[in-house]
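Here the structure is laid out as structure tokens; the discussion comes afterwards.
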Amino acid sequence: MQQLISTWLESIGEDPARDGLRDTPRRTAEAWAYMTRGYQQDPLAMLRSALFEATAGQMVLVRDIAIYSMCEHHLLPFFGVCHIGYIPKNHIVGVSKLARLADIFARRLQVQERLTDQIAGAVMEALDPEGVGVIIEARHLCMIMRGAEKQNSRMVTSAMLGSFQTTPAIRDEFLQLARLGASA
Ligand SMILES: [Zn+2]
């Protein structure tokens, strides 16, 4: 990867040998390993290692999980917040694990729609809850820095499974809880 980055620097008209860029290929390769570490992590195994018995109950919501991901179309960051809600059937999972789950899928090349679906699908598969809902609100540097230059645009995606999909009252409760405290 370092060799490729050196070639890439040349192709944009830079001199990879100059002082400021000498260590850039190594630093960039390390940064990319970190930003794509999700490929080495198993989301279902992580969730299943942290399940607790529970009786059916109220909606559990974790709001404002920070996510940092890379858009697969431009290899530029998109970042924002993720809200995950579910209604348990037989199992609950530690709250920190939902944040971890979002991170595992975000730290790969992504499109926001698929990221949202994958998080919801993994909760559904590992916990077998009554239902699950996921909302992601994110800003994409590929929209902000180039092209349309929509400076303040945020993209919002959602995925609803189980009772969140079939029961409007449950979906409404989730949307209302997720919106509480939203900045705008
Ligand atoms: Zn993009």
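Counting other C-beta atoms within 10 Å, which of 83, 74 has the fewest, and how do the rest follow? Mind dumping the intermediate values first?
Details: 83 24, 74 15.
Going from sparsest to densest Cβ surroundings: 74, 83.
Compute the length gained on full extension between residue 14 and residue 79: take 0.36 nm times their separation in residues and subtract their Cα-Cα distance, giving the result in nm to one decimal.
So the chain would gain 20.6 nm between residue 14 and residue 79.
On the principal axes of its Cα set, how long, how wide and how thick is the chain? Give whole Å, largest value first.
Taking max minus min along each principal axis of the Cα atoms, the chain gives 62, 37, 23 Å.
With a Förster radius of 35 Å, plug the Cβ-Cβ distance of residue 176 and residue 72 into 1/(1 + (r/R0)^6) and report the FRET value to the nearest 0.05. Don't jump to the answer; show the numbers that get you there.
Details: r = 32 Å, r/R0 = 0.92.
The calculated FRET efficiency here is 0.60.
Say R0 is 41 Å: what FRET efficiency, to the nearest 0.05, do residue 27 and residue 128 get from their beta-carbon distance?
0.45
Using amide H atoms built 1.01 Å from N in the peptide plane, name the residues 5+ places from residue 131, or on other chains, whose amide H lies under 5 Å from its own.
Long-range HN contacts for residue 131: 87, 163.
Put a dot 7 Å past each Cα toward the Cβ at residue 154 and residue 45; how far apart are the dots in nm?
Rounded to a tenth, the inter-label distance reads 3.5 nm.
No value in this document is a laboratory result; all are computed from the given coordinates. What you are looking at is a predicted structure, and each value in this text was computed from that prediction instead of being measured. Note that each Cβ is placed from the backbone with ideal geometry, even for glycine, and that neighbours are counted across all protein chains shown.
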